[in-house]
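To keep things clear, I will list the structure first and then write my remarks on it.
Each value in this text was obtained by applying a stated rule to the coordinates, not by laboratory testing. Not measured: the values here are computed from a predicted model. Please note: Cβ atoms are built from the backbone with ideal geometry, for glycine as well, and neighbour counts cover all protein chains shown.
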Amino acid sequence: MSEGPRVLLVDDDPAMLRLLEVNFRLAGFVVETASRGDDAVTRAIAAPPDALVLDVMMPGLDGYQVGARVRDEPSMAATPIVFLTARAMDEDRAAGEALGSVDYLTKPFDPQDLVATVQRRLASSRDAS
């Protein structure tokens, strides 16, 4: 039996992180989590995930900084990044897009829609390679 795609979920809210984890696991993903940006960067570089879901507002490194550091790694240059945040201004979206995010979803959100978005992006990246 093969394992599902690996996703790294990053959010400083433990309840949100648990909600995400449960929904991704139910969809067959292998899930890793991080509650701090610096930890997310370390984990992503050590074992690059197939996709990354990032909160923007976190203490220490924010989601944009994590995204920028991940994009600097050749092994993760094409990894789908989905931002999941309460920040919904056009300039926030533009900042995410500038880092090469594939989607920018705002809270509140439907967890099943988020999982479906990540699944579509993974399928698209497989089709492109």
> Got a sec? Charge dipole of the stretch 1-87, +1 on Cβ for Lys and Arg, -1 for Asp and Glu; which of V56, T42, L84 is way out at the positive end?
Replying inline: L84
> How do L26, L54, L8 line up, fewest other C-beta atoms within 10 Å first?
Replying inline: L26, L8, L54
> Per-residue ellipticity at 222 nm for the chain, helices alone: DSSP H runs ≥ 4 residues times -39500 (n - 2.57), over residue total, nearest 500 deg cm²/dmol?
Replying inline: -14000 deg cm²/dmol
> About its Cα centre, what dipole magnitude does the stretch 6-122 give when the only charges are +1 on Lys and Arg Cβ and -1 on Asp and Glu Cβ, stated in debye to the nearest 20?
Replying inline: 320 debye
> In terms of modelled amide H atoms, which long-range or inter-chain residues lie less than 5 Å from the amide H of D103?
Replying inline: I81, F83
> For the residue pair S124 and E97, what label-to-label distance in nm results when each label sits 7 Å from Cα along the Cα-to-beta-carbon direction?
Replying inline: 1.3 nm
